[in-house]
1. I'm trying to understand the selection: among the residues of segment 19-56, which are in contact with a His (Cβ under 6 Å, 6 or more places away or on another chain) and of a type outside the set (Gly, Ala, Ser)?
2. Restricting to segment 382-416, count the residues that are assigned to a helix (DSSP H, G or I) and among the β-branched types (Val, Ile, Thr).
3. Is one or more of the residues making up segment 156-169 outside any helix (DSSP H, G or I), farther than 26 Å from His372 by Cα, away from the ligand (no atom under 16 Å from the Cβ) and assigned by TED's automatic domain parsing to the domain that holds Thr106?
4. What number of residues in segment 374-386 are touching a Leu at 6+ places or on another chain (Cβ under 9 Å) and either modelled with pLDDT under 95 or open to solvent by less than 40 Å² (accessible area, probe 1.4 Å) (or both)?
5. If I ask for residues that are part of a helix (DSSP H, G or I), without any contact (Cβ under 8 Å) to a residue 40 or more places away in the chain and either open to solvent by 30 Å² or more (accessible area, probe 1.4 Å) or in the same structural domain as Cys374 (by TED's automatic domain parsing) (or both), which ones from segment 107-143 would you list?
6. If I filter segment 308-329 for residues that are touching a residue at least 60 places away in the same chain (Cβ under 8 Å), over 22 Å from Thr106 (Cβ atoms) and in a loop (DSSP other than H, G, I, E, B), do I get at least one hit?
Amino acid sequence: MSASPKARPERLITDIASLRARFPALDQQVHGKRLVYLDNAASSQCPDVVLETMLEQQSRNHANVHRGVHALSQRATDAYEGAREKVRAYLNASGVDEIVFTRGTTESINLVASSLGGSLLEPGDEVLITQMEHHSNIIPWQLVCERTGARLVPAPITDRGEIDLDAFEKLLNERTRIVAVAHVSNALGTVNPVERIVELAHRAGAYVLVDGAQAMAHMRVDVQALDCDFYAFSGHKMFAPTGIGVLYAKRALLERMPPYQGGGEMILTVSFEKTVYNALPYKFEAGTPNITGAVALGAAVDFLSTIDFDALAAHEHRLLDYATEKVLALGAHVIGTAESKAGVLSFVLDRVHAHDVGTIVDSEGVAIRTGHHCAMPVMERFGVPATARASFALYNNADDVDRLILGLKRALEIFA
Ligand code: C6P
């Protein structure tokens, strides 16, 4: 996907391996061994610039935003709104009023489900998702369907873990009001053809929300090129801290949608008779926001803007291919073999439960995630209770994969 040319610095970092030194968390021992961090789909580590920005913000500029005339409040407001502009430019959104800060992907999706879904859906209407969604892109829709009498329809996925596009197209009909789909699956690694999905959904007259939680650290996203109506993501999966995320939404939709939560900041005037809501995006940002989180997300966006994403994709694919080959050689079954994959490797070993795999490799200093990955319908689709999942970020290398493989060999020895 192409970036907004304006958002790109003059020279991009193509030597991805050199970036590893920028992540202090990686420079530690766990259980007496060098940490190998392969749980990036759950949360990625923060680079030096993000950590420094957080320290600076909390130690010098900590104050509330949009409220005070004093210097610290103004600095905090400038930093917070500056971060919003950075996110806007990075996503190539048409205005800062289309960027709503949230707690993360989950809150962004709940906002849309509750506000748009609650006001739009009627009995018999349909919300079309896919079988590979994370629970965060299932349950908010289930809740609003229960409230409104609409129906939640999951589109099937193939044995490789790709959306069955023919079936998806057939499920779209005049009752489909909203389509919600992951850009990248957290459990399978599949990169979905979201441009095509948006096109098909719009042709059917539906709005489209893209869950970008697993995409942002791996590819450049241009929301105008995608033409999606909503794009949701979390800071902590793209080198920023937890507790901050974004909902991008087209202005015209945000204007029509009712507020999601009430409180300070989202109002212009309040009386017991009538409240007038604030302008966008503040109408959707009730209460004191996560100011330091937003400023740190701005720093993470600056960091990502320096990276050559073609070089990054090549680096991650090399790692994924190498790791896939190595786990297959151990007799593992890979769950999710889509043609287009991001750096996620989900697998099961015949003789060892995924949780035991996780515990044994952890004792070797290797962090992976095991379980259903908040995607129980995916586990059901593939007939497994859980998988072990190694997920890569730009700072991982072939040594990390070798250490994972050593840990897996140890698990196989113990359970042999
Ligand atoms: N997946 C994982 O280990 P939050 O928790 O709001 O930051 O993100 C939720 C979410 C939504 N969609 C997708 C595709 C996701 O992967 C996630 C988070 C983590 O896979 C934690 S369960």
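The values are calculated or read from the model by the stated rules, or taken from the named source; none is laboratory data. Small disclaimer: the values here were computed from a predicted structure and weren't measured. With ideal geometry, Cβ positions are generated from the backbone for all residues, glycine too; neighbour counts draw on all protein chains shown. Remember, those area values only see protein heavy atoms, side chains included, never the ligands or the DNA or RNA. Shrake-Rupley method; radii C 1.70, N 1.55, O 1.52, S 1.80 Å.
1. If we filter segment 19-56 for residues that are in contact with a His (Cβ under 6 Å, 6 or more places away or on another chain), which is where we start, we get 43.
Listed by number, the list is empty, since nothing qualifies.
2. Initially, segment 382-416 is screened for residues assigned to a helix (DSSP H, G or I), giving 382, 398-415.
Checking the rest, the ones that are also among the β-branched types (Val, Ile, Thr) come to 401, 405, 414.
Of the residues in that region, 3 qualify.
3. Restricting attention to segment 156-169, the residues satisfying the condition of being outside any helix (DSSP H, G or I) are 156-164.
Narrowing the set further to residues that are farther than 26 Å from His372 by Cα leaves none.
Scanning segment 156-169, I find no residue that is outside any helix (DSSP H, G or I), farther than 26 Å from His372 by Cα, away from the ligand (no atom under 16 Å from the Cβ) and assigned by TED's automatic domain parsing to the domain that holds Thr106, so the answer is no.
4. At the first step, the residues of segment 374-386 found to be touching a Leu at 6+ places or on another chain (Cβ under 9 Å) are 375, 378, 382.
Applying the additional criterion that residues be either modelled with pLDDT under 95 or open to solvent by less than 40 Å² (accessible area, probe 1.4 Å) (or both) yields 375, 378.
Here the count works out to 2.
5. Ile139, Gln142, Leu143
6. yes
Per-residue answers, yes or no, for (1) over 19 Å from Gly293 (Cα atoms); (2) surrounded by fewer than 16 Cβ atoms within 10 Å (Cβ to Cβ); (3) not hydrophobic (A, V, I, L, M, F, W, C):
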{"position": "Ala21", "(1), (2), (3)": "yes, yes, no"}
{"position": "Asp27", "(1), (2), (3)": "yes, yes, yes"}
{"position": "Val30", "(1), (2), (3)": "yes, yes, no"}
{"position": "Arg34", "(1), (2), (3)": "yes, yes, yes"}
{"position": "Tyr37", "(1), (2), (3)": "yes, no, yes"}
{"position": "Val49", "(1), (2), (3)": "no, no, no"}
{"position": "Ser59", "(1), (2), (3)": "no, yes, yes"}
{"position": "Leu72", "(1), (2), (3)": "no, yes, no"}
